[in-house]
Amino acid sequence: MGRALQVGFIGFGGIARDAHMPGWSKLKGDGVAELVAVADVNPAAREAARTRFGLPPEMCFEDYAEMLGKVDLDIVDVCTPNCFHKDPTIAAFKAGAHVIVEKPMTVCAADGEAMIAAGKKARKLLMIAQSCRYLPSAQAAKRASRAIGDIYWARASLLRPRGVPAWGAFTLKEMSAGGPIYDLGVHILDWCLWMMEFPKPVTVSAALYLELANKKSIMKHDPKRYTVPEELAMALIRFENGAVCTLETSWAVNAPEGTFSCFLSGKKGGIDWNWDSLTLVREEFGMLTNAKPQVIPEAGQASHAEEVYDFVDAIRKGKPSPVPGEQAIVTQRILDAIYASAEGGREVGLA
Ligand SMILES: NC(=O)c1ccc[n+]([C@@H]2O[C@H](COP(=O)([O-])OP(=O)(O)OC[C@H]3O[C@@H](n4cnc5c(N)ncnc54)[C@H](O)[C@@H]3O)[C@@H](O)[C@H]2O)c1
């Protein structure tokens with residue numbers, strides 16, 4: 001085995017430390033890849049890189065451009081707030097690294113196109129960290145999808161009755177671009193599109209609501225820090241092949257319980273997926289039958305480590321990106337259209 005792949009982070013906050021690092025730490029133990037540098041504007045994040053992960057002070061940078069100029073990195077893991085995904089990704093490509101970037105890809109489709117173009121120019125892989133694809137139930141559902149035929153209707157639902165984030169940049173439009181659609185909807189929408197084999201979206205009709213989040217009884221956040229336009233969103237997405245997807249997502253809604261699920265209706269059967277369970281619905285022996293796996297391994301944070309392993313495997317074997325920008329840009333275009341449709345109060349077309 002050659003030299004371990006040299007890994008640097010841009011943005012070393014919660015998701016980097018608690019979800020991505022277990023994957024990179026395991027790969028270090030295997031001699032495959034090792035964390036060598038971190039760039040974060042927050043001194044506390046750089047301190048964590050030193051104390052928790054043993055990086056020498058000179059490898060903890062405030063400015064990512066300085067890190068990219070001084071350290072020869074094979075992989076850059078971008079875990080900054082959404083509005084800072086594009087520039088660090090493009091800079092990392094220019095520095096000759098492969099890039100894994102947290103979801104959502106970025107804050108608008110035009111930025112996503114620029115990220116894809118930069119990766120192509122550098123001949124490096126771009127992976128969007130859509131961790132839900134790596135849940136054990138999701139992998140099982142993908143295998144089972146062969147049995148349900150062409151999917152013509154998908155219902156994607158990720159509702160939190162009460163779950164407005166009171167931390168981080170999630171509620172700040174200027175940092176995150178949007179509310180639960182960008183935080184949660186992007187997970188479940190990517191999941192559905194992946195199961196549907198990414199049909200081409202042609203129209204979107206959407207509505208956004210902000211009715212509850214700023215009520216005193218619900219609010220745990222600073223109201224001045226709630227600048228996104230929605231706490232609840234729903235959308236109907238039509239595809240060129242005639243299929244439709246209905247999407248609903250919230251941080252606050254007066255619903256009896258939360259959801260984290262997709263129902264897929266195919267021409268030969270259906271799949272009812274929850275993040276931790278799966279039901280395959282088919283006509284068997286003249287009966288409509290529900291089949292459930294007896295065991296699905298526990299999910300936890302392991303899906304984030306799995307995505308890291310898959311990315312490194314693709315790099316080492318010269319395979320395509322497991323979650324390429326060309327897929328994430330489809331989701332990004334739909335997100336753009338959701339806000340345009342809701343703002344205009346009408347269905348919008350996608351070019
Ligand atoms: N896959 C998931 O389930 C999941 C869960 C949570 C967050 N995320 C995504 O991860 C990203 C980060 O979220 P988080 O929860 O870790 O946020 P966070 O606030 O905990 O961490 C972000 C870090 O980026 C740093 N930062 C900001 N601007 C920077 C810059 N210009 N250069 C270098 N560092 C910079 C901040 O100082 C902070 O330490 C977001 O895009 C979010 O959508 C994904």
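The values are calculated or read from the model by the stated rules, or taken from the named source; none is laboratory data. Remember, it's a predicted structure, so these values are computed and weren't measured experimentally. Cβ sites come from the backbone with ideal geometry, for glycine too, and all protein chains shown count toward neighbours.
Within region 73-90, which residues are in contact (Cβ under 8 Å) with a residue 60 or more places away in the chain and among the hydrophobic types (A, V, I, L, M, F, W, C)? Correct list: 73, 75, 76, 78, 79, 83, 84.
Out of 196, 234, 287, one residue alone is in contact (Cβ under 8 Å) with a residue 40 or more places away in the chain, more than 16 Å from the ligand (Cβ to nearest atom) and under 30 Å from residue 139 (Cβ atoms). It is 196.
Looking only at region 132-189, count how many residues are part of a helix (DSSP H, G or I), polar (S, T, N, Q) and away from the ligand (no atom under 11 Å from the Cβ).
Residues in region 132-189 being part of a helix (DSSP H, G or I), polar (S, T, N, Q) and away from the ligand (no atom under 11 Å from the Cβ): 3 in total.
In region 1-16, the qualifying residues are those that are within 8 Å of the ligand (Cβ to nearest atom) and not in a strand (DSSP E or B), and the one that is farthest from residue 86 (Cα to Cα) is 14.
Looking at this structure, is residue 116 within 11 Å of the ligand (Cβ to nearest atom) and either under 30 Å from residue 278 (Cα atoms) or out of contact with any Phe, Trp or Tyr (no Cβ under 9 Å at 6 or more places or on another chain) (or both)? Reasoning before the result, please.
Working: within 11 Å of the ligand (Cβ to nearest atom): no; either under 30 Å from residue 278 (Cα atoms) or out of contact with any Phe, Trp or Tyr (no Cβ under 9 Å at 6 or more places or on another chain) (or both): yes.
No: the conditions fail for residue 116.
Residues of region 260-296 that are within 21 Å of the chain's Cα centre (by Cα) and closer than 30 Å to residue 17 by Cβ: 260, 261, 262, 273, 274, 275, 276, 277. Between 69, 11, 23, 29, the distinction of being of a type outside the set (Ser, Thr, Tyr), on the phi > 0 side of the Ramachandran plot and not assigned by TED's automatic domain parsing to the domain that holds residue 181 belongs to 11 only.
I'd like the residue in region 1-18 that is among the small types (Gly, Ala, Ser) and within 17 Å of residue 43 (Cα to Cα) and, out of all such residues, is surrounded by the most Cβ atoms within 10 Å (Cβ to Cβ). Outline the logic, then answer.
Going through region 1-18, the residues among the small types (Gly, Ala, Ser) turn out to be 2, 4, 8, 11, 13-14, 16.
Then keep just the ones that are within 17 Å of residue 43 (Cα to Cα); that gives 8, 11, 13-14, 16.
Values: 8: 27, 11: 24, 13: 20, 14: 12, 16: 25.
Going through the qualifying residues, I end up with 8.
This table checks each residue for (1) modelled with pLDDT of 95 or more; (2) more than 30 Å from residue 214 (Cβ to Cβ); (3) of a type outside the set (Val, Ile, Thr); (4) not assigned by TED's automatic domain parsing to the domain that holds residue 212.
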position	(1), (2), (3), (4)
256	yes, no, yes, no
262	yes, no, yes, no
269	yes, yes, yes, no
273	yes, yes, yes, no
279	yes, yes, no, no
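Annotation note: of 62, 58, the sole residue that is within 15 Å of the ligand (Cβ to nearest atom) and among the acidic types (Asp, Glu) is 62. Of the set (1) touching a helix residue (DSSP H, G or I) at 6+ places or on another chain (Cβ under 9 Å); (2) modelled with pLDDT of 95 or more; (3) charged (D, E, K, R), all apply to residue 298 but (2).
Among the candidates 236, 189, 184, the residue that is modelled with pLDDT of 95 or more and surrounded by fewer than 17 Cβ atoms within 10 Å (Cβ to Cβ) is uniquely 236.
Kindly indicate whether residue 224 is more than 16 Å from the chain's Cα centre (by Cα), in a helix (DSSP H, G or I) and either closer than 19 Å to residue 162 by Cβ or of a type outside the set (Asp, Glu) (or both). Break it down stepwise before answering.
Numbers: more than 16 Å from the chain's Cα centre (by Cα): yes; in a helix (DSSP H, G or I): yes; either closer than 19 Å to residue 162 by Cβ or of a type outside the set (Asp, Glu) (or both): yes.
Taking the combined requirement at face value, the residue satisfies it.
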